[in-house]
Amino acid sequence: MGMTMTQKILAAHAGLDSVTAGQLIEAKLDVVMANDITGPMALPIFYQMADKVFDKDKVVLVPDHFTPNKDIKSAENSKAILDFSEAQGLTHHMEQGKCGVEHAILPEKGIVAAGQCIIGADSHTCSYGALGAFSTGVGTTDIATGMATGENWFKVPSAIKFVLTGAPSKYVSGKDVILHIITKIGVDGALYKSMEFVGDGIANLTMDDRFTIANMAIEAGAKNGIFPVDNQTVAYMKEAGVKSYEIYEADEDAEYEDVIEIKLDEIRPTVSFPHLPGNGHTIDEIEEMDKIYINQVVIGSCTNGRLSDLQKAAAVLKGHQVARNVRVMVVPATQKIFLECIQQGLAEIFINAGCAFNTPSCGPCMGGHMGVMAKGEKCVSTTNRNFVGRMGDTESLIYLASPEVAAASAIAGYIANPEKVGEL
């Protein structure tokens, strides 16, 4: 029996000719990543096993969740991982002002690449599947073990094949695609499975679209999401300075638990209502409802804080003003993207529209700081989770959407169709 793309990568890193779904393996790791929340918890466990990391080029600690440090505890957490990075002589030393959100900065700096086996102490580590890598989130004990030994155990996942066909229409992006998919299969529809994306429609998705889709594979319960490597992938890695990579392709006779066709040209702008990413409604359905008035909009995060995301939001906001009773936070995912927003005039558009333009951080996404909501408040967010209490009070509400829907909603003061911004 043939292997899926994920299974081939795992087999290669386990030194095996083949693997099958459900098999337990020990695999060598190419990148081990943690952040300012998960890293400090892993360090005491690490020191029970080793004094030095297995490879200073392959361990990366990123301060991004509570940075800029919001209080003494967050400052101590950042200090812990930065001191460790310095003491261990880690090649990729990340510091506020020189990096950004972990799942954006690692691809941008060429630290992750096609064919790699990557673990991160953050559930959205599956983002790197956009590059044709196996990447998945793990707990702090696994991260500590990975930092010490350069290996980790895995149960080989079974897979679902998603065949993407056609091209998305205007105002439909990768965020709409993945919200559509999660709504279709449910938040446990790919539980501990590999979501493998194939089909001629992939050529019509940008790399930023693919990062968004892979990023939210975990919201369908998946172990990982993965895309085949094409010319776009290779060009992205070349620009990021990737020196070497390996391309794996699924066998023609690979076994999948299910095959699902996704017609990109039939997907409409989609919004996930509280309190699950799978609670999706198209913009057409929303327009038939009573207006959903909002208090806050967040545009950014590891899901939608890349340059093209901000370009799309700026295109909608240009020449408009944010509604009187709405506050908007725009958060570029990295320093490079922040600078590009200034150079391209996007920052000026955001500020002139009445948005707060913020330094790179995960802050608003998980209610850490910047954007914490009060009881009863509603937010349209380009982030990846809308769980109860995710952004503050347990009685606040989060609606997940694309940058364009978020921008249109900011102007309208309620969840709005970006196709109709001219009518607002």
So which of Tyr245, Tyr236 is modelled with pLDDT of 95 or more, touching a Pro at 6+ places or on another chain (Cβ under 8 Å) and over 18 Å from Ile160 (Cα atoms)?
Tyr236
Looking only at the stretch 333-349, filter to residues that are among the polar types (S, T, N, Q) and touching a residue at least 40 places away in the same chain (Cβ under 8 Å); which one of those is most open to solvent (accessible area, probe 1.4 Å)?
Gln335
Sort through Leu310, Leu317, Leu400 and tell me the only one that's more than 25 Å from Ile105 (Cβ to Cβ) and surrounded by 24 or more Cβ atoms within 10 Å (Cβ to Cβ).
Leu317
For the stretch 101-154, which residues satisfy the criterion of being part of a loop (DSSP other than H, G, I, E, B) and not small (Gly, Ala, Ser)?
Val101, Lys109, Ile111, Val112, Gln116, Asp122, Val138
Sort out which residues of the stretch 68-100 are more than 20 Å from Gly146 (Cβ to Cβ), in a loop (DSSP other than H, G, I, E, B) and open to solvent by less than 10 Å² (accessible area, probe 1.4 Å), and write them in order of number.
Cys99
Between a first residue in the stretch 69-80 that is at pLDDT below 90 and a second residue that is of a type outside the set (A, V, I, L, M) and not in a loop (DSSP other than H, G, I, E, B), which pairs have beta carbons less than 8 Å apart while being 6 or more apart in sequence or on different chains?
Asn69/Ser78; Lys70/Gly363
Those residues of the stretch 81-95 which are without any contact (Cβ under 8 Å) to a residue 40 or more places away in the chain and of a type in the set (A, V, I, L, M), in sequence order
Leu82, Ala87, Leu90, Met94
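Identify, from the list Asp188, Asp209, Asp251, the residue that is among the acidic types (Asp, Glu) and crowded, with 17+ Cβ neighbours inside 10 Å.
None of the other options fit; the residue is Asp209.
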Among residues belonging to the stretch 46-63 that are over 9 Å from Met147 (Cβ atoms) and assigned to a helix (DSSP H, G or I), point out the one that is most open to solvent (accessible area, probe 1.4 Å).
Gln48
Being of a type in the set (Asp, Glu) and open to solvent by 80 Å² or more (accessible area, probe 1.4 Å) narrows it down to one of Asp17, Asp30, so name that one.
Asp17
Criterion: open to solvent by 30 Å² or more (accessible area, probe 1.4 Å), among the small types (Gly, Ala, Ser), farther than 14 Å from Gly305 by Cα and without any contact (Cβ under 8 Å) to a residue 60 or more places away in the chain - qualifying residue of Gly376, Gly367:
Gly376
Looking at the stretch 220-247, which of its residues are open to solvent by 10 Å² or more (accessible area, probe 1.4 Å) and either within 27 Å of Pro274 (Cα to Cα) or among the aliphatic types (A, V, I, L, M) (or both)?
Gly221, Lys223, Val229, Val234, Ala235, Ala240, Val242, Ile247
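The values are calculated or read from the model by the stated rules, or taken from the named source; none is laboratory data. Nothing here was measured: the structure is a model prediction, and the numbers come from that model. Reconstructed Cβ throughout: ideal geometry from the backbone, glycine too, with neighbour counts over all protein chains shown. Side chains are part of the model used for accessible areas, which takes the heavy atoms of the whole protein and leaves out ligands, DNA and RNA. Shrake-Rupley method; radii C 1.70, N 1.55, O 1.52, S 1.80 Å.
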